[in-house]
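Q: Here you go, one structure.
No lab work stands behind these numbers, since they all come straight from the coordinates. The structure displayed is predicted, hence computed values, not measured ones. Positions of Cβ are generated from backbone atoms using ideal geometry, with glycine treated the same way; all protein chains shown enter the neighbour counts.
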Ligand SMILES: C[S@@+](CC[C@H](N)C(=O)[O-])C[C@H]1O[C@@H](n2cnc3c(N)ncnc32)[C@H](O)[C@@H]1O
């Protein structure tokens with residue numbers, strides 16, 4: 001099943017019998033949905049070369065078994081010698097991420113190439129018109145349906161050479177007397193400020209031990225904090241976003257964390273090891289949409305990745321009902337702290 005932005009694209013590309021793509025050979029589709037529309041495109045236009053680029057490992061995984069004319073790339077930036085002659089962009093969840101994305105992509109696009117931008121109205125796709133002005137002709141809305149819009153413009157001015165490092169923001173935090181510098185890229189959770197749920201979790205951490213997993217690490221601040229209070233721990237920051245993984249590496253480096261590792265993974269899909277302790281401020285969004293499934297799956301399976309007598313500590317918004325899952329898998333859990341908005345839960349494996 002295609003999602004709404006893909007349905008709109010499919011309708012536009014089908015309506016004119018594929019004329020929109022007819023004169024193009026090297027087509028870039030960026031920030032694509034997890035709905036396999038890229039596979040449909042590559043199969044329908046098998047004389048053309050497609051590159052599907054994403055920061056999101058779940059989207060990357062959704063295009064397994066791609067045909068030869070579809071190159072699927074998941075990375076924190078697009079690095080290629082190729083010049084694309086047509087670009088399709090799914091509008092990301094935030095304006096700063098769109099700005100970051102186009103500044104990177106437009107280095108690799110031929111002048112006069114058509115640029116399509118599709119997205120949900122609620123996700124703010126309309127703002128692309130203003131943001132594209134730096135590089136493109138005036139954008140036209142060429143189609144709209146199902147609460148989505150499709151814009152078309154032409155690249156006039158390629159972007160300046162892309163300096164990845166310039167896109168980091170950083171800020172200082174202090175928890176229980178421990179100071180940290182946090183680095184974040186656009187689109188990464190807590191870009192520019194510490195989340196209040198994460199603060200409550202960190203304020204209530206007792207004794208970090210041995211081998212630790214920070215699930216959904218974002219900018220890596222949970223792992224960095226744990227390593228700061230006990231430099232003997234080894235922490236692995238796991239996230240689905242390549243931009244989060246890169247931010248985590250930068251946060252570890254900035255705080256002198258030498259035992260910090262990272263893992264790009266969709267949920268626990270790439271986890272091959274077990275841990276003594278798992279900490280998380282787990283996600284309940286995919287892009288702009290609410291999604292409880294990721295954390296429910298995490299809570300249903302994480303016990304298998306925790307050593308006997310190891311523990312799980314999570315912070316969650318009070319309205320999220322994770323308690324029944326903790327009880328089902330761990331038998332017992334405590335609340336380490338709570339306030340009006342958040343609750344910090346702690347469960348130990350092997351205690352019933
Ligand atoms: C609530 S944020 C917490 C970030 C960070 N730990 C903090 O406290 O600031 C949740 C994180 O989970 C990540 N995430 C979302 N879906 C995921 C998935 N399927 N697998 C792994 N991580 C995911 C998001 O990219 C985001 O960084």
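Q: What is the distance in Å between the Cα centres of the range 330-347 and the range 79-95?
A: 42 Å
Q: A further question follows. In degrees between 0 and 90, to the nearest 10, how far off the longest principal axis of the chain does helix 242-254 point, with axes built from Cα atoms?
A: 50 degrees
Q: Once you have a ≥ b ≥ c as the square roots of the Cα gyration tensor eigenvalues for the chain, tell me rounded if a/c is under 1.5, and otherwise prolate or oblate according to whether a/b is larger than b/c.
A: Prolate, because a/c is 1.5 or more and a/b exceeds b/c.
Q: Please check: in the Gaussian network model of the chain (C-alpha springs, under 10 Å), which one of 341, 199, 11 has the largest mean-square fluctuation.
A: For the chain, modelled as a Gaussian network with Cα springs under 10 Å, the answer is 341.
Q: Identify which of 91, 189, 13 has the largest mean-square fluctuation in a Gaussian network model of the chain, with springs joining Cα atoms closer than 10 Å.
A: Result: 13 has the largest fluctuation of those listed.
Q: Considering only DSSP beta bridges where both residues belong to the chain, give the percentage that are antiparallel (nearest 5).
A: Antiparallel bridges: around 45 percent, rounded to the nearest 5.
Q: Does the range 168-348 come out rounded, prolate or oblate, given a ≥ b ≥ c as the square roots of the eigenvalues of its C-alpha gyration tensor, rounded meaning a/c under 1.5 and, failing that, prolate meaning a/b above b/c?
A: rounded
Q: Once the Cβ-Cβ distance between residue 273 and residue 127 is put in as r, and R0 is 51 Å, what FRET efficiency do you end up with, to the nearest 0.05?
A: The computed FRET efficiency comes out at 0.75.
Q: Express in whole angstrom the spacing between the alpha-carbon centres of the range 144-211 and the range 278-304.
A: With the range 144-211 and the range 278-304 each reduced to a Cα centre, they are spaced 18 Å.
Q: When a/c reaches 1.5 or more, the comparison of a/b and b/c decides; with that in mind, is the range 4-161 rounded, prolate or oblate per its Cα gyration tensor?
A: Rounded shape, in that the Cα axes give a/c under 1.5.
Q: While we're here: With both partners inside the range 4-161, how many of the DSSP beta bridges are antiparallel, as a percent to the nearest 5?
A: If I count the DSSP bridges inside the range 4-161, around 40 percent turn out antiparallel.
Q: Ok, one more. In degrees between 0 and 90, to the nearest 10, how far off the longest principal axis of the chain does helix 95-105 point, with axes built from Cα atoms?
A: 60 degrees
Q: Per DSSP helix of 4 or more residues, -39500 (n - 2.57); summed, then divided by the residues of the chain. What does that give at 222 nm, rounded to the nearest 500?
A: -7500 deg cm²/dmol
Q: So, R0 is 25 Å and r is the distance between the beta-carbons of residue 323 and residue 195; what FRET efficiency does that work out to, to 0.05?
A: With a Förster radius of 25 Å, E is 0.75.
Q: Over the chain, with a Gaussian network built from C-alpha contacts below 10 Å, which listed residue (109, 182, 271) shows the highest mean-square fluctuation?
A: 271
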